[in-house]
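Rule-based calculations on the coordinates, nothing more; no lab input. On a predicted model such as this, the values are computed, not experimentally measured, just so you know. Using ideal geometry, Cβ is built from the backbone for each residue, glycine included, and neighbour counts are taken over all protein chains shown.
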Ligand SMILES: NC(=O)c1ccc[n+]([C@@H]2O[C@H](COP(=O)([O-])OP(=O)(O)OC[C@H]3O[C@@H](n4cnc5c(N)ncnc54)[C@H](O)[C@@H]3O)[C@@H](O)[C@H]2O)c1
């Protein structure tokens, strides 16, 4: 099964390591280093079979290549997965993370990690004991949710400008799905901009704390609004849900919002403008790289987060001119940047 996946993959390098003491498989996928060292988070998860973890790492690392290229970061795409038999705790977790740190260190900086699912800053602190190529440790550059939320805010403004002719959010209705680390900040920023904010979360108490009007979680996709902002889970846009949407714009932080690539066209056909997830949610990555690598101050960070809005304006324009979806325009831009660097 690993063999099939490796044959089909177009990435540069996949490191596969079985960690005997824990029974975990470690997969580090370096999809591309053309634009710079491969960056991407480490995910810890239980999978039905190890090959599912490798497939996840491959797919996610490829998405990171496109995300970094569109964001203009001097980084390639990578991703790592720790496919564990069960989520470890205590000493077993610490030892696993130390051994993982040694594996990443052995790659000499080709792959540089941050957190992802089930990997918190405190876990990264442990990885960093054995490896210098670690971002997002405790206190390093703060919660990346804030940078992501600011990027999404700029993206929503750009999308409104494209659809309604003005980036002014005063009076625009935005439904924020998911009042977590990103959604909470986003709801606050939107309110400050004068938008009418609707918030929905499976945890109703969280939704209530975020401010705005609470919408029951099951109604999020069918509630009338100008902007639907998915900031919870992926896969909410599908052949089943798109026909029922009552918004003009989809612009949010969730990763992998489209259930299938064809859903970009489905949104387009319904006249709904879609801000590609990996473009609009790049603020977290920009914050990590900018503050921890480039030595930016807050003002420089703010400028770079605002550039997410400019990139989206450009993509929306190019998509219209070429008669393609913004997602296709984003992939084209990434391919051009990578080809130019290669040349
Ligand atoms: N935090 C970042 O910097 C960052 C960067 C890029 C992308 N993202 C993506 O953005 C999304 C949100 O990230 P986060 O850090 O805020 O996560 P989080 O875990 O802090 O918050 C997610 C929230 O969504 C809620 N939720 C879960 N399932 C839901 C559902 N079906 N309907 C409504 N609410 C639901 C949870 O209760 C929680 O409050 C995720 O998809 C994440 O991968 C986050």
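Before moving on, here are some points about what is shown:
- Residue match in the range 298-317 (condition: crowded, with 22+ Cβ neighbours inside 10 Å and outside any helix (DSSP H, G or I)): no
- Only residues that are surrounded by fewer than 23 Cβ atoms within 10 Å (Cβ to Cβ) and touching a residue at least 60 places away in the same chain (Cβ under 8 Å) were counted in the range 193-241, giving 1.
- Residues (outside any loop (DSSP other than H, G, I, E, B), away from the ligand (no atom under 15 Å from the Cβ) and closer than 24 Å to residue 167 by Cα) located in the range 219-266: 227, 249, 264
- Inside the range 157-200, residues that are within 14 Å of the ligand (Cβ to nearest atom) and touching a strand residue (DSSP E or B) at 6+ places or on another chain (Cβ under 6 Å) make up a count of 10.
- The range 122-142, subset within 15 Å of the ligand (Cβ to nearest atom) and out of contact with any helix residue (DSSP H, G or I) (no Cβ under 6 Å at 6 or more places or on another chain), residue farthest from residue 281 (Cα to Cα): 124
- For the range 308-320, residues that are farther than 17 Å from residue 165 by Cα and without any contact (Cβ under 8 Å) to a residue 12 or more places away in the chain total 0.
- Candidate set: the range 14-32, residues that are surrounded by fewer than 17 Cβ atoms within 10 Å (Cβ to Cβ) and in contact (Cβ under 8 Å) with a residue 40 or more places away in the chain; chosen: the one farthest from residue 53 (Cα to Cα): 21
- Top-ranked residue of the range 267-285 - restricted to ones that are in a loop (DSSP other than H, G, I, E, B) and over 15 Å from the mean Cα position of the chain (by Cα), ranked as farthest from the ligand (Cβ to nearest atom): 271
- Single residue of the range 75-98 satisfying the filter (buried (at least 19 other Cβ atoms within 10 Å of the Cβ) and out of contact with any helix residue (DSSP H, G or I) (no Cβ under 7 Å at 6 or more places or on another chain)) that is nearest to residue 288 (Cα to Cα): 96
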